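Engineer: What follows is a structure written as structure tokens; I'll ask about it next.
The values are calculated or read from the model by the stated rules, or taken from the named source; none is laboratory data. What you see is a predicted model, and the numbers here were worked out from it, not measured in a lab. Glycine also receives a Cβ, built like all others from the backbone with ideal geometry; neighbour counts cover every protein chain displayed. The accessibility values were calculated without ligands, DNA or RNA, using every heavy atom of the protein model including side chains. Shrake-Rupley method; radii C 1.70, N 1.55, O 1.52, S 1.80 Å.
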Amino acid sequence: MHKLKIGIIKEGKIPVDKRVPLTPKKCVEAMQEFPEMEIVVQPSDIRCFTDAEYQELNIPLQQDLSDCDVLMGVKEVPVDQLIPDKTYFFFSHTIKKQPHNAKLLRAILDKNITLIDYELLKTPEGQRVVAFGRYAGIVGAYNGILTYGKKHGLFDLKPAYLCHEMEDMQEEYFKVKLPPIKIAITGGGRVAGGAMEVLDKMGIRKVSVFDYLYKQFTEPVYAQLHSGDYNVRPDVEVWDSPDFYANPLLYKSTFRKFTRVTDLLLACAYWDPRAPKLFTEEDTRQPDFKIDTIADITCDVDGSIPTTRHATTIIEPAYDYNPATGELEPPYSKPENITVMAVDNLPCELPRNASRDFGRHLIDNVFPQFFNGDEGDMLQRATIAKGGKLTDLYSYLQDYADSAATNKEKRQAV
């Protein structure tokens, strides 16, 4: 009987990503649960789990993956490493026509590759089934607290990326001694959930939105803010979430009431470019604008947080925004500046934990689809390209894919 052969590829994207779709133990678990599947791993010197850790559990290492049926990575695969006629799973970052990946999509079509994007794997109700969001929230909240502590000279936390596992990072929580500040968390998804896990474990109390706005506390507190807490449709009195997501253009931000009482903002909410920004640069110049530290965990450049001018790196995670001039300055340079943490690949700071979580989602939600005839069409809905063509759902990407071909042909013509 032919077994479905899955190859775990070595990450080729620069900067390097140490995460992996399946940890050694998850490979063993997957093959026990699905005996009609076998897994091999391409050797890698950058992965957070070493080749030896896979070999110890008898997971074969295999450099040439051309005999695999399915190839799984995390980030985009460099064009020259794509094997024609294969089925790939990775985060392609193409569905919003991201300019830097047009060539990648063109190559996928030219090489007759079936591309299934993790980001598009969803339940029939539209809930994503595999994601690193929880760890983005965990690391982002930790970085936010670290940044606030550093800015005010309160404590010095070991950066998450220097911690081997999340347990090591949690040892640092005991150093956190905050004055009675107010922390706002926006969002209601996995990212916000991860951020709240951290604050809860640090012993920071969650309070209602009303109490957050109108009461004084003698200890640090946080509130979780949903879209309805800081957006309003002027012509409608009652909040209606489906209407907000369908017509964000018709809404105005009321976040200004939170900027008067918030010290640290942890931005975890998904933002639609048609929706209002939380606040404006002009707002930051008002005498009652209190926020002095922002962890933009969603990291939308020029998005919901106007002070997020560019993404930062794991090694240099923060910069200062000077409200008076609107210019960016080195982090922690002036007390009156707003310090912004905007790392765009936060789960990479705890790659071992994030990879375990991700593998769990794959085994529970995705692998069953390989053997049940793709019940509910989850894989089909997440397939961007197949047989050298874009699938119907993603045909809107045709001009985007063609733009890469056109540029190449233009160069050849010259």
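Engineer: Can you give me the angle between helix 24-33 and the longest principal axis of the chain, using Cα atoms only, in degrees from 0 to 90, rounded to the nearest 10?
Structural biologist: 60 degrees
Engineer: Net charge near Thr254, counting Lys/Arg +1 and Asp/Glu -1 over other residues with Cβ under 13 Å of its Cβ?
Structural biologist: That sum, taken over residues with Cβ under 13 Å, equals +4.
Engineer: So what's the back-of-envelope 222 nm ellipticity for the chain, counting only DSSP H runs of four-plus at -39500 (n - 2.57) apiece and dividing by all residues, rounded to 500?
Structural biologist: On the way: 15 runs with 122 residues, N = 414.
Value at 222 nm, helices only, nearest 500: -8000 deg cm²/dmol.
Engineer: Positive end of the charge dipole of region 117-259 (Lys, Arg +1 and Asp, Glu -1 on Cβ, about the Cα centre): tell me which of Val198, Pro242, Ala184 has its Cα farthest that way.
Structural biologist: Result: Ala184.
Engineer: Taking a probe of 1.4 Å, how large is the accessible area per residue of the chain, in Å²?
Structural biologist: On the way: 19040 Å² over 414 residues.
Using a 1.4 Å probe on heavy atoms only, each residue of the chain averages 46 Å².
Engineer: Can you give the relative contact order of the chain as a percent, counting alpha carbon pairs under 8 Å and 6+ residues apart?
Structural biologist: Numbers: 792 pairs, mean separation 76.6, N = 414.
Normalised by residue count, the contact order of the chain is 19 percent.
Engineer: Between the helical axis of 133-151 and the dominant principal axis of the chain, each derived from Cα atoms, what acute angle in degrees is found, rounded to the nearest 10?
Structural biologist: That helix lies at roughly 40 degrees to the long axis.
Engineer: Roughly speaking, what is the centre-to-centre gap between region 255-293 and region 90-123 when only Cα atoms are used, to the nearest Å?
Structural biologist: Measuring centre to centre over Cα atoms gives 33 Å.
Engineer: Label point 7 Å out from Asp377 along Cα-to-Cβ: which residues of region 126-151 have amide N under 18 Å?
Structural biologist: Flagged as within label range: 126-129.
Engineer: Compute the label zone of Lys97 within region 266-309: residues whose backbone N is under 13 Å from the point 7 Å along Cα-to-Cβ.
Structural biologist: In region 266-309, the label zone of Lys97 (backbone N under 13 Å from the point 7 Å along Cα→Cβ) covers no residue.
Engineer: Once R0 is set to 41 Å, what does the formula 1/(1 + (r/R0)^6) return for the Cβ-Cβ distance between Gln55 and Asn322, expressed as a FRET efficiency to the nearest 0.05?
Structural biologist: Working from the Cβ atoms, E equals 0.20.
Engineer: Tilt of helix 190-201 relative to the longest C-alpha principal axis of the chain, in degrees (0 to 90, nearest 10)?
Structural biologist: 60 degrees
Engineer: Output the peptides 339-346, 311-318, 173-180 sorted from most to least packed, where packing is the average of other Cβ atoms within 10 Å over each peptide's residues.
Structural biologist: On the way: 339-346: 24.5, 311-318: 15.6, 173-180: 14.0.
Sorting 339-346, 311-318, 173-180 by mean packing, highest first, produces 339-346, 311-318, 173-180.
Engineer: Using only Cα atoms, locate the centre of region 385-407 and the centre of region 128-156, then give the distance between them in Å, rounded to an integer.
Structural biologist: 37 Å
Engineer: Same structure, new question: Multiply the residue separation of Tyr332 and Val129 by 0.36 nm, subtract the distance between their alpha-carbon atoms, and state the gained length in nm to one decimal. Can you show the working numbers first?
Structural biologist: Details: separation 203, 0.36 × 203 = 73.08 nm, distance 3.87 nm.
That pair, Tyr332 and Val129, stretches by 69.2 nm at full extension.
Engineer: Follow-up question, since we're still on this one. Under the rule a/c < 1.5 gives rounded, and otherwise a/b versus b/c splits prolate from oblate, where does region 270-336 land using the Cα gyration tensor? The partial results should precede the final answer.
Structural biologist: Numbers: a/c = 2.03, a/b = 1.09, b/c = 1.86.
Cα axes put region 270-336 in the oblate bin.
Engineer: Moving on to the next point. Relative to the compact globular guide of 2.2 N^0.38 Å, what is the alpha carbon radius of gyration of region 134-188, as a ratio?
Structural biologist: On the way: Rg = 11.5 Å, N = 55, 2.2 N^0.38 = 10.1 Å.
Computed over Cα atoms of region 134-188, the ratio equals 1.14.
Engineer: To the nearest whole percent, what portion of all C-alpha pairs in region 18-61 is separated by more than 15 angstrom? Write out the running numbers ahead of the final one.
Structural biologist: Values: 323 of 946 pairs.
Pairs farther apart than 15 Å: 34 percent.
Engineer: I need the peptides 14-20, 70-76 ranked by packing, meaning the mean over residues of other C-beta atoms within 10 angstrom, with the highest value on top. Write out the running numbers ahead of the final one.
Structural biologist: Numbers: 14-20: 18.0, 70-76: 21.6.
Per-residue Cβ counts within 10 Å, averaged per peptide and sorted highest first, yield 70-76, 14-20.
Engineer: Additional query: If you wrap a convex hull around the C-alpha atoms of region 309-414 and split its volume per residue, what is the figure in Å³? Walk me through the numbers before you get to the answer.
Structural biologist: Values: hull volume 25.4 nm³, N = 106.
Value for region 309-414: 239 Å³ per residue.
Engineer: No solvent, one uniform scatterer per C-alpha: report log10 I(q)/I(0) for region 1-85 via the Debye equation at q = 0.17, 0.25 1/Å, two decimals.
Structural biologist: -0.67, -1.36
Engineer: Select one label from [x] 26, 55, 19, 0; [y] 26, 58, 15, 0; [z] 24, 53, 22, 1: the one whose number is P(r) over Cα pairs in 20 Å bins from 0, in percent as derived from the coordinates shown.
Structural biologist: [z]
Engineer: Any chance you could run the full-extension gain for Glu33 through Ser241? It's 0.36 nm times the residue separation minus the Cα-Cα distance, nm to one decimal.
Structural biologist: Working: separation 208, 0.36 × 208 = 74.88 nm, distance 3.95 nm.
So the extension gain works out to 70.9 nm.
Engineer: Turning to a different aspect of this structure: Where the accessible area of the chain is counted over protein heavy atoms with a 1.4 Å probe, how much of it, in %, is carbon and sulfur? Write out the running numbers ahead of the final one.
Structural biologist: Working: 9990 of 19040 Å².
Carbon plus sulfur share of accessible area: 52 percent.
Engineer: Stokes-Einstein at 25 °C, 0.890 mPa s, Kirkwood radius from Cα pairs: D for region 161-254 in µm² s⁻¹?
Structural biologist: 158 µm²/s
Engineer: A follow-up question, please. How big is the gap, in Å, between the Cα center of region 225-250 and the Cα center of region 48-63?
Structural biologist: Spelled out, the Cα-based centre of one part sits 50 Å from the other.
Engineer: Binning at 10 Å from 0, report for region 39-106 what percent of all alpha-carbon pair distances ends up in each bin.
Structural biologist: Per 10 Å bin, starting at zero, the Cα-Cα P(r) for region 39-106 comes out as 17, 45, 28, 9, 0 percent.
Engineer: Hey, another quick one. Over all distinct Cα pairs, what is the inverse of the mean 1/r for region 188-345, reported as the Kirkwood hydrodynamic radius in Å?
Structural biologist: Working: mean 1/r = 0.0606 Å⁻¹.
Its Kirkwood hydrodynamic radius stands at 16.5 Å.
Engineer: Here's something else I'd like to know. Can you list, bin by bin at 5 Å, the percent of alpha carbon pairs in region 50-200, starting at 0?
Structural biologist: All Cα pairs considered, the percentages come to 2, 7, 13, 13, 13, 13, 13, 12, 8, 4, 2, 0.
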